[in-house]
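Below you'll find the structure, written out as structure tokens, and then a few comments.
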Amino acid sequence: MLTDTKARGLADLPPVQSDSLLALIALAAADPREDKIDVGVGVFRDGAGNTPILKVMKEAEQRLLDTQVTKAYLGGAGDKQYAELLRPILLGEHAADKRIAGVQTPGGCGALRLGFQLVAKANPKARVLVGTPTWPNHAPIIDGVGLAIVEYPYYDRSSGAISFAKMIEALEAAAPGDVVLLHGCCHNPTGADLNDEQWGKVTEVVVRRGLLPFVDIAYQGFGRGLDEDARGLRGLLAACDEVIAAHSCDKNFSVYRDRVGSLWLKTSSEEATRTAMAHVLQDAREMWSMPPDHGAAAVHIILEDEALRARWLVELAAMRDRINTVRQRIAAADPRLAYIARQHGMFSLLPLSKEQVLTLRQDHAIYMADSGRFNVVGMADRDIDRFVAAVVEALDS
Ligand code: LMR
């Protein structure tokens, strides 16, 4: 009998469908048209269309260069003081709760991966409830650790509002131990955030049904303000024994490529949190051993110095103000876009079909995600009118 003895090799791997947002970066970059508008990936741009390094970050980096005397290993948890300095910013009134621990991660994405891996270890049968649409990388991360996903509709495109009744229905139908993935603020891709009353209701159902809330909070300070944007998470911390949160400083410190994140765990006791965190550090050790240092070290310098911290808050407020000003301007242009003023953060969804999105790309060199998600601060001020005119033309077509 003949057997196939040929070993399978790397050449036998199937093709991979590239991540839609990363593919969009490359497409926009390759377009030679000088007047192109890239509202694809989520990177803050100022009125001139640039993503400058924050002035306060430049100063902190200079200080780091001048004073850092070694690059010897810090250990698996990275810079522990960085996480300590973030505690009050993220946790607010819960900062002193010793049942909550945080650890530095490579970006918010690293925190998501570690958090879901921890869930998979603790309860492999847990399902993750994910509202749709969501950030395109959520499902691959959850799939990657072997957890099942249950989708429910989060957002109604026709009304530009959250499908709150359907969300609550899905949460009511979940089994104890299931995980609910929630966007802490600045929902990606819709910009439609839960209001305080809705957070209260979600929290009540989560507690009553014995669900585990997992909050992805990557844009703190880009919505209403640092404290306001963390209110949903803090309400969950007040009510639930167990909470996981993935936090990012990549956006609010404008250090995207430096990958500056953190993972936060709350359990019912200090000891259980210590054990859970030990699992997290073991998993991190297997994947990247230790997080990259530079960005977190610079954030550490800013948060530790009162004057630098105050200047960061001013620069952060300026980014938030631009987001909200551009939102108002687009919303005022056409009644069909009025909902954009009620939403938060860098993203909103335009009521466009994929064909209309592709036409905008072809005819106007406007790059947005196929879903119609656009970055409200992806364009320079000088391009806003042209962008709005092209979108209105597409809506009329
Ligand atoms: C985005 O949604 O555009 C950002 O979070 C960038 C990314 O990694 O996808």
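For the range 226-255, residues that are surrounded by fewer than 23 Cβ atoms within 10 Å (Cβ to Cβ), closer than 19 Å to G92 by Cβ and of a type in the set (G, A, S) total 3.
When R259, R311 are screened for being within 16 Å of the ligand (Cβ to nearest atom), over 16 Å from A120 (Cα atoms) and not hydrophobic (A, V, I, L, M, F, W, C), only R259 passes. Of the residues in the range 256-301, how many are open to solvent by less than 10 Å² (accessible area, probe 1.4 Å) and β-branched (V, I, T)? Residues flagged as open to solvent by less than 10 Å² (accessible area, probe 1.4 Å) and β-branched (V, I, T) within the range 256-301 amount to 4.
Taking the criterion of being within 16 Å of the ligand (Cβ to nearest atom) and open to solvent by 10 Å² or more (accessible area, probe 1.4 Å), the residues of the range 210-225 that qualify are D216, A218, Y219. Do we find a residue being away from the ligand (no atom under 16 Å from the Cβ), open to solvent by less than 80 Å² (accessible area, probe 1.4 Å) and in a loop (DSSP other than H, G, I, E, B) anywhere in the range 14-29? Looking for residues that are away from the ligand (no atom under 16 Å from the Cβ), open to solvent by less than 80 Å² (accessible area, probe 1.4 Å) and in a loop (DSSP other than H, G, I, E, B), one finds none in the range 14-29, hence no. All conditions in (1) more than 16 Å from the ligand (Cβ to nearest atom); (2) within 25 Å of G232 (Cα to Cα); (3) aromatic (F, W, Y) hold for Y73, with the sole exception of (2). Here R285, R234 are screened, and the one residue that is closer than 22 Å to D178 by Cα and either assigned by TED's automatic domain parsing to the domain that holds V314 or in contact with a Gly (Cβ under 8 Å, 6 or more places away or on another chain) (or both) is R234. The residues in the range 331-365 that are farther than 25 Å from P32 by Cα, over 23 Å from the mean Cα position of the chain (by Cα) and hydrophobic (A, V, I, L, M, F, W, C) can be counted, and the count is 5. Of the residues that make up the range 193-209, is at least one within 23 Å of A369 (Cβ to Cβ) and either open to solvent by 40 Å² or more (accessible area, probe 1.4 Å) or within 16 Å of the ligand (Cβ to nearest atom) (or both)? Scanning the range 193-209 turns up at least one residue that is within 23 Å of A369 (Cβ to Cβ) and either open to solvent by 40 Å² or more (accessible area, probe 1.4 Å) or within 16 Å of the ligand (Cβ to nearest atom) (or both). Of all residues in the range 54-77, those satisfying the criterion of being open to solvent by less than 100 Å² (accessible area, probe 1.4 Å) and in a loop (DSSP other than H, G, I, E, B) are L54, Q68, T70, A72, G75, G76, A77.
The residues of the range 79-98 that are more than 21 Å from E271 (Cα to Cα) and open to solvent by less than 30 Å² (accessible area, probe 1.4 Å), listed by number, are D79, Y82, L85, L86, I89, L90, G92. Filtering the range 117-138 to residues that are within 16 Å of the ligand (Cβ to nearest atom) and under 21 Å from V202 (Cβ atoms) leaves V130, G131, T132, P133, T134, W135, H138. If you scan the range 140-167, which residues turn out to be within 16 Å of the ligand (Cβ to nearest atom) and either open to solvent by 40 Å² or more (accessible area, probe 1.4 Å) or charged (D, E, K, R) (or both)? Hits for the range 140-167 are P140, G144. For the range 30-49, what are the residues that are more than 16 Å from the ligand (Cβ to nearest atom), open to solvent by 20 Å² or more (accessible area, probe 1.4 Å) and touching a residue at least 40 places away in the same chain (Cβ under 8 Å)? Scanning the range 30-49 gives R33, D35, K36, D46, G47, A48, G49.
Note on the range 114-133: residues that are closer than 17 Å to G184 by Cα and open to solvent by 30 Å² or more (accessible area, probe 1.4 Å) amount to 2. Screening H300 on (1) more than 16 Å from the ligand (Cβ to nearest atom); (2) in a helix (DSSP H, G or I); (3) outside the structural domain of A230 (by TED's automatic domain parsing) shows it passes everything except condition (3).
For (1) assigned to a helix (DSSP H, G or I); (2) in contact with a Gly (Cβ under 6 Å, 6 or more places away or on another chain); (3) within 16 Å of the ligand (Cβ to nearest atom); (4) outside the structural domain of P136 (by TED's automatic domain parsing), each residue gets a yes or a no:
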| position | (1), (2), (3), (4) |
| --- | --- |
| L337 | yes, no, no, yes |
| I340 | yes, no, no, yes |
| H344 | no, yes, yes, yes |
| S348 | no, yes, yes, yes |
| P351 | no, no, no, yes |
| L358 | yes, no, no, yes |
| R361 | yes, no, no, yes |
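The values are calculated or read from the model by the stated rules, or taken from the named source; none is laboratory data. In this text, all values refer to a predicted model and were calculated from it rather than measured experimentally. Virtual Cβ from ideal backbone geometry, glycine too; neighbours counted across all protein chains shown. For the accessible areas, the whole protein counts, side chains as well, though only heavy atoms, and no ligand, DNA or RNA atoms are used. Shrake-Rupley method; radii C 1.70, N 1.55, O 1.52, S 1.80 Å.
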